[in-house]
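The values are calculated or read from the model by the stated rules, or taken from the named source; none is laboratory data. All values reported here derive from a predicted model rather than from experimental measurement. Glycine also receives a Cβ, built like all others from the backbone with ideal geometry; neighbour counts cover every protein chain displayed. Side chains are part of the model used for accessible areas, which takes the heavy atoms of the whole protein and leaves out ligands, DNA and RNA. Shrake-Rupley method; radii C 1.70, N 1.55, O 1.52, S 1.80 Å.
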Amino acid sequence: MLGRTGALTGRCRFELHQCCYLSSSAPPPELPRLHYPAGSGSRKYRAEQEVGPMSPAQISRILKANEYSHTLPRGPASHGVLGFHSNMLPSNHPGEDRRSSATCLPGRGGVLFGVFDGHAGPACAHAVSQRLLYYIAVATLPLRTLAELEQAVEEERAVPPLLEWHKYPQDHPDGGASFFHSLRHYWQERLEDEDEEEEEEAEPEEDCGRVTSALVNAFRRLDYDISVEAQVHLSMSSPSRRLSLPGEGLSVSSPLRVALSGCTACVTHISNGVLHVANLGDSRAVLGVQESDGSWSAVSLSNDHNAQNPDELQRILGEHPPSEWRTVVRHDRLLGLLLPFRAFGDVRFKWSAETLNRVYETRPDLMSVVSEAVRTSTLHYLTPPYLSAQPEVTRHRIRPSDKFLVLATDGLWELMHRQTVVELVGEQLTGLQQQAPIIPGAGTTLGGLQRLLLERKGRVLSVLEDQNATTHLLRHALGDDGYGSVAPNRLAKMLSLPTDLARRYRDDITITVIQLNEVDL
C-alpha cells in the first residue's frame, strides 16, 4: 500500500490493488466537492434589495465548514511539529483550491504540508494535491528503500506505506492506485540512475542540499508525468477509438483535463528541525517569529512568481528572444493570459504549437468540457515552453523564536498583509494557551481564586471567537473594519454573496498554520 490515513474518527488503511489500475474500465470518479453550507452560495441576492441579516451562528457555521486541527504526538516522529490548523473557504463553485498534509513514514521521514491554487478548473490542483507528496517521498527516500519497494511489487506483495495522511473527512480521498504506474516508473529511474550513489549518513548541510534537490526533482517529474499522461490519453482517445473509451474524454479527472488546467503550489518539508519551502507560483509561506519583548515579526520564506517580482520578470524575458519581449508578458500576465509565471499543468503554455493545434482541431469533443479560457489557441506563441514547473526552494533551520509557519493561497494575501496575519495568529495561539485550567496553589484564598478567574475571563473575551487559527484569519480577512476588529455586518455581507458575484470580491482561500514551538506567554 502507498498510504494510510489518519482522520478525525480514527485511522483507516488504504490498500493498493495494482490490478485496479490495469483492469478497471469504469471512468474515473467525479472530483469530490468542498462543503458549501447553506447560506454561502445559495442565498438570493438582488442589487436593489438588502441581503437579510445573518446570525453569528450562521456566520460561524460557514467559516468552520472545512476547518481541521490536528495535534502530532510528541517525539522524533513529529520532527518538531506540534500540530497544525487548516481551513478552506471557496469562492468559485466548485472551489479550485486544495490542501494536503502527511507524514513520510520510511527513510529519514519528515512532515509535509501543501496548499494548491487551481485555475481554469479544479482538475490540476486536485491531481497535484493527491500526487505531489508521494513524489516528494520517493525523491527523498534512500535507494535501498526504493529497491525494497520495487522487490515487493515484483513479488506481488503489499507495498509498504509511504505516507500517513492527515485529512479532514471532506477532503479528497487517497487516489494512489490511479497513478501508481507513473510513480513506480519514477522510482525505477532513480534506481537505474548511474550517477546517483547510495548515500551514507550525511552531514546536516549535505542532507539539506539533498532535500532541496529532491523537492525540485519531485515537482519537475510530476509535471512531466502530467504532460506525458495527457499526450498518451490524447492518442488513446482519438476519434477512431472514441467508442472504446466511454466517457473518458469527458471525465473531470481525465489526464487531458488535468493538463489543460493548472495550479500553483506551496509545499513545506519539515525534518529534524529544518524546514524547506518549495514554491511554485504566487501562494506564500510566512514564518511567525516571537521577539524577546513578546511582539511578532513576519518573515517571508517564499517569493511570488509573477510580474511584480523583478527577478522573475527578467528570468522570463531572458528565456525568449528580444523580438518577443513586448509580447511574452503583457498586462502583467504571461502572454497576456496567465498571472503566475510558474505552475503545474497549463500545457497550453508548454507544448509545441503543432501539438496544441492538433488538440484544438481534431478533438472538439474534449475541448468542449474544459474551461473557456483554454479553448482557443494563444497569440504570439512562438518559442515554447513559456511556463516552468521548477520550484524555488528556501531552507530555514527552526529557532526557538520561530513559533509557526503560515501557508496560504493568494486569496488570503490579497486581503491581508503578512504582518497582520502573523500578529493575528500569534495573539490567537497565545489566547489558546491562556485558557489552560487554573490550578490553585496550597495557599490560594477564595478571593485570590476569584481574581484569577476574572483575569482569565477577560483574556478569553478579548481574544477568542475561534479555536482554529485559520478560521480566525478567515473571519478577520473578510470582516476587517480597518481598525483591527471584525465588523459583523461586513462579514455577513461577504459571506452572503452568491457564487457568481463573490468571485469579484475575493478568491478561494486556503490556509494551513503549522505550529513549530509553544508561544511564550
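Structure above, values below:
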{"read-out": "Members of region 84-120 found to be outside any strand (DSSP E or B) and farther than 25 Å from THR471 by Cα, listed by number", "value": "LEU105, PRO106, GLY107, ARG108, GLY109, ALA120"}
{"read-out": "Residues located in region 51-83, provided they are assigned to a helix (DSSP H, G or I), more than 16 Å from GLN467 (Cβ to Cβ) and of a type in the set (Gly, Ala, Ser)", "value": "ALA77, SER78"}
{"read-out": "Qualifying residue in region 255-266 (condition: at pLDDT 85 or above, closer than 30 Å to ALA77 by Cα and among the hydrophobic types (A, V, I, L, M, F, W, C))", "value": "yes"}
{"read-out": "Members of region 98-118 that are over 14 Å from LEU2 (Cβ atoms) and at pLDDT below 95", "value": "GLY107, ARG108, GLY109, GLY110"}
{"read-out": "Filter result (over 15 Å from GLU423 (Cβ atoms) and in a strand (DSSP E or B)) within region 463-510", "value": "ILE509, THR510"}
{"read-out": "Failed item, numbered, when LEU149 is tested on (1) crowded, with 23+ Cβ neighbours inside 10 Å; (2) under 24 Å from HIS181 (Cβ atoms); (3) at pLDDT below 95", "value": "(1)"}
{"read-out": "Residue within region 418-439 that is closer than 26 Å to ALA57 by Cα, outside any helix (DSSP H, G or I), among the charged types (D, E, K, R) and at pLDDT 70 or above present", "value": "no"}
{"read-out": "Conditions (1) open to solvent by less than 10 Å² (accessible area, probe 1.4 Å); (2) touching a Ser or Thr at 6+ places or on another chain (Cβ under 6 Å): number failed by GLY121", "value": "(1)"}
{"read-out": "Flag if LEU356 is open to solvent by 70 Å² or more (accessible area, probe 1.4 Å) and under 21 Å from ALA389 (Cβ atoms)", "value": "no"}
{"read-out": "Any hit, region 86-106, residues being among the small types (Gly, Ala, Ser), in contact with a helix residue (DSSP H, G or I) (Cβ under 6 Å, 6 or more places away or on another chain) and on the phi > 0 side of the Ramachandran plot", "value": "no"}
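A quick yes/no check of all residues on (1) open to solvent by 10 Å² or more (accessible area, probe 1.4 Å); (2) part of a helix (DSSP H, G or I); (3) out of contact with any strand residue (DSSP E or B) (no Cβ under 6 Å at 6 or more places or on another chain):
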| site | (1), (2), (3) |
| --- | --- |
| ALA125 | no, yes, no |
| LEU133 | no, yes, no |
| VAL153 | no, yes, yes |
| ARG157 | yes, no, yes |
| PRO160 | yes, no, yes |
| GLN170 | yes, no, yes |
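One line per residue, one yes/no per condition, for (1) at pLDDT 95 or above; (2) open to solvent by 20 Å² or more (accessible area, probe 1.4 Å); (3) part of a loop (DSSP other than H, G, I, E, B):
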position: LEU287; (1), (2), (3): yes, no, no
position: SER297; (1), (2), (3): yes, yes, no
position: ASN306; (1), (2), (3): yes, yes, yes
position: GLU312; (1), (2), (3): yes, no, no
position: LEU317; (1), (2), (3): yes, yes, no
position: HIS320; (1), (2), (3): yes, no, yes
